[in-house]
1. Taking 8 Å as the Cα distance limit and 6 or more residues as the minimum spacing, I'd like the relative contact order of the chain as a percentage.
2. Which residues in the range 22-37 place their backbone N less than 13 Å from a point set 7 Å from the Cα of Tyr110 along the Cα-to-Cβ direction?
3. Translational diffusion coefficient, Stokes-Einstein: compute it for the chain using the Kirkwood radius over C-alpha pairs as Rh, at 20 °C and 1.002 mPa s, and state it as an integer in µm² s⁻¹.
4. Over the Cα atoms of the range 61-121, what radius of gyration and what Dmax do you get, in Å?
5. With a 1.4 Å probe and every protein chain left in place, work out the accessible area per residue of the chain in Å², rounded to a whole number.
6. Debye sum, Cα scatterers, the range 1-57, no solvent: what log₁₀ I/I(0) at q = 0.16, 0.20, 0.23, 0.28 1/Å?
7. Over the chain, what percent of the accessible surface lies on carbon and sulfur atoms, probe 1.4 Å?
8. Remind me, relative contact order of the range 1-72 in percent, using alpha carbon pairs under 8 angstrom and six or more residues apart?
Amino acid sequence: QVQLVESGGGLLQAGGSLRLSCAASGRTIYTMGWFRQAPGKDREFVAAISRSDGITYYAESVEGRFTISRDNAKNTAYLQMNSLKPEDTAVYYCAARIVGTYSRADAYSYWGQGTQVTVSS
């Protein structure tokens, strides 16, 4: 069983930046993804990064503002979020492993507990 621990959430004003981290237990390297869920809405894909060659994928809503990266030596993924908007407010979840399409939540086997990001206007 893989444990994913997110950190870095917080409260900030629109236009600000935040970096989320997701540390995975064990040595196995997986494709990592970030999803988010706002109150009353479905969980939505944010970004993903492949396990070996670092290919990245983004939701259109965050393209150009968010950057996903990883440090395989630390088995940790990051989500750098810039130019944050109130509509980015959500609980952000880290996920690992993929069998299927990277943008689908059901393709991931392991999930973190989530970290709250709140952006005020």
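1. Details: 296 pairs, mean separation 42.1, N = 121.
Relative contact order comes out at 35 percent.
2. Only 22-33 pass the distance filter.
3. Values: Rh = 14.1 Å.
D, rounded to a whole number, is 152 µm²/s.
4. Every Cα atom of the range 61-121 included, Rg and Dmax give 12.9, 38 Å.
5. Values: 6310 Å² over 121 residues.
That works out to 52 Å² for each residue.
6. So the normalised log intensities work out to -0.67, -0.98, -1.16, -1.27.
7. On the way: 2820 of 6310 Å².
Here it works out to 45 percent.
8. Numbers: 86 pairs, mean separation 14.7, N = 72.
So the answer I get is 20 percent.
The values are calculated or read from the model by the stated rules, or taken from the named source; none is laboratory data. As the structure is a computational prediction, the values presented were derived from the model and not from experiment. Cβ coordinates were reconstructed from backbone atoms using ideal geometry, including for glycine residues, and neighbour counts include every protein chain displayed. Heavy atoms of the whole protein, side chains included, go into the accessibility calculation; ligands, DNA and RNA do not. Shrake-Rupley method; radii C 1.70, N 1.55, O 1.52, S 1.80 Å.
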